[in-house]
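Since the structure comes first, as structure tokens, the remarks are kept for the end.
Just so you know, all these numbers are worked out from the coordinates, no wet-lab data involved. All figures in this text were calculated on a predicted structure; none of them were measured in a lab. Positions of Cβ are backbone-derived with ideal geometry, glycine not excepted, and every protein chain shown enters the neighbour counts.
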Amino acid sequence: MPCAIEIVDNETGRTSVYRCDDGWDEDLAFMWTEGQNGCDCNRGLFFALAAGEPDPGVPCGEDRFSVSRVMLEDGTVVRLD
């Protein structure tokens, strides 16, 4: 089931919703919390893609972007950061 991932730019307060065709499961949850997509460099890229902006080239870190929630097709909301 596809999902929508709400990413927050903690520096500006802006939010962007990245639409993911993959179903939300343990593997995807890991990727967005402790895996590759948990890093600011990748979260910044997904934020920009969802907003129709170029890759901002944010350096690696864990403070600039957070994922506030994941919204599933069936209306379920999963809280993350």
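When you scan the stretch 24-39, do you find a residue that is part of a loop (DSSP other than H, G, I, E, B), over 12 Å from the mean Cα position of the chain (by Cα), in contact (Cβ under 8 Å) with a residue 24 or more places away in the chain and loosely packed, with under 15 Cβ neighbours inside 10 Å, even just one?
Among the residues of the stretch 24-39, not one is part of a loop (DSSP other than H, G, I, E, B), over 12 Å from the mean Cα position of the chain (by Cα), in contact (Cβ under 8 Å) with a residue 24 or more places away in the chain and loosely packed, with under 15 Cβ neighbours inside 10 Å, which makes the answer no.
Looking at ARG69, ARG43 in this structure, which one is under 13 Å from the mean Cα position of the chain (by Cα), assigned to a strand (DSSP E or B), surrounded by 12 or more Cβ atoms within 10 Å (Cβ to Cβ) and of a type in the set (D, E, K, R)?
ARG69 is the lone residue from the list that is under 13 Å from the mean Cα position of the chain (by Cα), assigned to a strand (DSSP E or B), surrounded by 12 or more Cβ atoms within 10 Å (Cβ to Cβ) and of a type in the set (D, E, K, R).
Of all residues in the stretch 15-37 being of a type outside the set (A, V, I, L, M, F, W, C) and touching a Leu at 6+ places or on another chain (Cβ under 8 Å), which is farthest from LEU49 (Cα to Cα)?
By that ranking, first place goes to THR33.
Which condition does SER16 not pass, out of (1) surrounded by 19 or more Cβ atoms within 10 Å (Cβ to Cβ); (2) touching a Ser or Thr at 6+ places or on another chain (Cβ under 9 Å); (3) not in a helix (DSSP H, G or I); (4) not β-branched (Val, Ile, Thr), if it passes all the others?
In the conditions (1) surrounded by 19 or more Cβ atoms within 10 Å (Cβ to Cβ); (2) touching a Ser or Thr at 6+ places or on another chain (Cβ under 9 Å); (3) not in a helix (DSSP H, G or I); (4) not β-branched (Val, Ile, Thr), SER16 misses (2) alone.
So ARG79 fits all but one of (1) crowded, with 17+ Cβ neighbours inside 10 Å; (2) closer than 17 Å to CYS3 by Cα; (3) basic (Lys, Arg); what number is the exception?
The single condition ARG79 does not satisfy is (1).
With the requirement that a residue be over 9 Å from the mean Cα position of the chain (by Cα) and surrounded by fewer than 18 Cβ atoms within 10 Å (Cβ to Cβ), what does the stretch 51-66 give you?
ALA51, GLY52, GLU53, PRO54, ASP55, PRO56, GLY57, PRO59, CYS60, GLY61, GLU62, ASP63, listed by residue number.
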